[in-house]
Structures are given as structure tokens and as C-alpha cells.
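Here the structure is laid out as C-alpha cells; the discussion comes afterwards.
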Amino acid sequence: MNFEDYFPIWDKLTTEQQNMLTSAATLRTVPKGTVLHNGSENCTGLLLICSGQLRAYILSEEGREITLYRLFEMDICLFSASCIMNSIQFDICIEAEKDSEFWLIPADVYKKIMENSAAAANYTNEIMAARFSEVMWLIEQIMWKSVDKRLASFLLEESALEGTGSLKLTHETIANHLGTAREVITRMLHYFQREGIVKLARGTIEITDAKKLTRLLDT
């Protein structure tokens, strides 16, 4: 598929703007684990996902991570080009959670189009609003939800994404997603195992009772 097949407002752009995008955008393929954007780099460019899965996260001074949101096919990442948004004052890192393919759009090109296209400006604002809604939801989870409920929600989400109850995840990986210590996750997983909810093996967590996980969220 071509660039225009992934860009939602393609038909609302002028021919000149379409040509600017197609001539400037480059298709990239990266393996799982690649860091695409470091928080200290202001303008990597916008990422338009073709396939795979990316993770946006923030990193504390102590090295602790917490996942803000994920990006899938046809999603676009704006925060990897924060220089086009003067109000953004925090650093976000982007990494590939799976082998991924995406179009890289130079920030200056997209900014020029956005300044001259109401459709592009509105689309950008919609994405910004959606991302901040996801971040606000995360803050609510951290403030009001206990670790066991957050872990249950994460495991169910992972199972739905992967299409299996056998998850190839380390305790450290989960801790990075949830913004807590590995030891906390290990203790909670061992509790889940004693309750017959999961079965633990090296590098693998098998959900043995998804109904109990779901009920845990409802209590």
C-alpha cells in the first residue's frame, strides 16, 4: 500500500500538499526494541504506522518508565515531532514493541501543510485531544486504581492484542508499562498464581482464569 492509503485526510489535501508529503515521506522498517525517538530529540518527525506496534512512554530521572499509549496500523505519532507544537513541554520516548514499518514525515513539511490546510489542522487537533485523553485516563488509573486492578487490566489487554492467553512478558517489561517496581509486579503475579488466575514460567505468563481477572476489575 502507498502513503495515501494510510493517511486519513489524503483526499482533503490539495494536489500540491499531496505531492509535498509523498516526496518528503520515507518508508522505514525497524526491528522490535528499536528506540525511534528519544525524549531529548525534539524533531524526529511524524510517524505514520503501516504495520507493527509502537509504544510511547516517559522516563524518570531514576530510569523508571511508564507507558502512555500505544500506536498501531494507521495511527500517527505527533509527539516525535514536538517542535511543531510550542505548548509541549515534556519529553516522550517512542520504541517499537514489534517489528514495525512506518512512514517518517519531516516535521517542517507537515507543519507547513498544517498551517495552510484546515483539514490537516483539525486532524492534528483531534489526534492531540485523543492522546491527552489517553494520558488523563492513565493518570486516573495511577491515582485511583490499586496495582492488582491495573495489572489485571494490562494482562487482559495484552491477551486481546496478542490473541492468546500465553504472554511472552517479563516482570520488568510489565513494571515499565505500569510505572512501578519489578518487585511489586513479581509479588502480585505470585499472588495471582496462588489464586489460580495465572501460571508463571520463565519469560511467560499464562492466563488460566480470564473470568477471575475480569471479576477483579469489577470488584
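Using just its DSSP H runs of length 4 or more, each adding -39500 (n - 2.57), the chain gives a mean residue ellipticity at 222 nm of -14000 deg cm²/dmol after division by all residues. Rounded, prolate or oblate: which fits the range 1-122 when a ≥ b ≥ c are the square roots of the eigenvalues of the alpha-carbon gyration tensor, with rounded for a/c under 1.5 and prolate only if a/b beats b/c? Taking the square roots of the gyration eigenvalues as a ≥ b ≥ c, the range 1-122 is oblate. Which of the helices in the chain, when you take each full DSSP H run, stretch at least 24 Å along the axis at their Cα atoms and have an average Kyte-Doolittle score of -1.0 or higher? Those that pass (Cα extent of 24 Å or more, hydropathy at least -1.0) are 118-144. A cut-off under 10 angstrom between Cβ atoms defines the neighbours of Pro31, and their net charge, with Lys, Arg +1 and Asp, Glu -1, is +1. Once C-alpha pairs closer than 8 Å and six or more residues apart are averaged by separation and normalised to the residue number of the range 26-130, the relative contact order reads 39 percent. Using C-alpha pairs below 8 Å separated by at least 6 residues, the relative contact order for the chain is 21 percent. Exceeding 30 Å between C-alpha atoms, which entries from my cross-link table qualify? They are Lys145/Lys211; Lys32/Lys112; Lys168/Lys211; Lys32/Lys212. Long pairs (Cα-Cα over 30 Å): Lys32/Lys112; Lys32/Lys212. Under the convention that each Lys and Arg Cβ holds +1 and each Asp and Glu Cβ holds -1, the size of the dipole of the range 145-218 around its Cα centre is about 180 debye. For the range 124-174, compute Rh as the Kirkwood radius over C-alpha pairs and then the Stokes-Einstein diffusion coefficient at 10 °C and 1.306 mPa s; write the answer in µm²/s, rounded to an integer. Rounded, D is 125 µm²/s. The Stokes-Einstein estimate for the range 145-218, based on a Kirkwood radius over Cα pairs and taken at 25 °C with 0.890 mPa s viscosity, is a diffusion coefficient of 205 µm²/s. Could you work out the relative contact order of the range 145-218? I mean the mean sequence separation of Cα pairs under 8 Å and 6+ apart, divided by the number of residues, in percent. Relative contact order of the range 145-218: 36 percent.
Given R0 = 45 Å, the distance between the Cβ atoms of Glu140 and Asn2 translates into a calculated FRET efficiency of 0.70.
Taking only Cα atoms of the chain, what ratio of Rg to Rh do you get with Rh as the Kirkwood inverse-distance radius? Let's see the in-between values first.
Numbers: Rg = 19.3 Å, Rh = 18.9 Å.
Ratio of gyration radius to Kirkwood radius: 1.02.
Here the Gaussian network model covers the chain, with springs between Cα atoms less than 10 Å apart; of His37, His177, His190, His190 fluctuates the most. Relative to the current alpha-carbon distance between Thr214 and Glu115, full extension at 0.36 nm per residue lengthens the span by 31.1 nm. Net charge of the neighbourhood of Leu161, taken over other residues with C-beta under 11 Å away and scored Lys/Arg +1, Asp/Glu -1, is -2. When only alpha carbons are used to place a centre, the range 108-165 and the range 1-37 end up 20 Å from one another.
Each value in this text was obtained by applying a stated rule to the coordinates, not by laboratory testing. As the structure is a prediction and not an experimental result, all values here were calculated from the model. All Cβ positions, glycine included, derive from the backbone under ideal geometry; neighbour counts span all protein chains shown.
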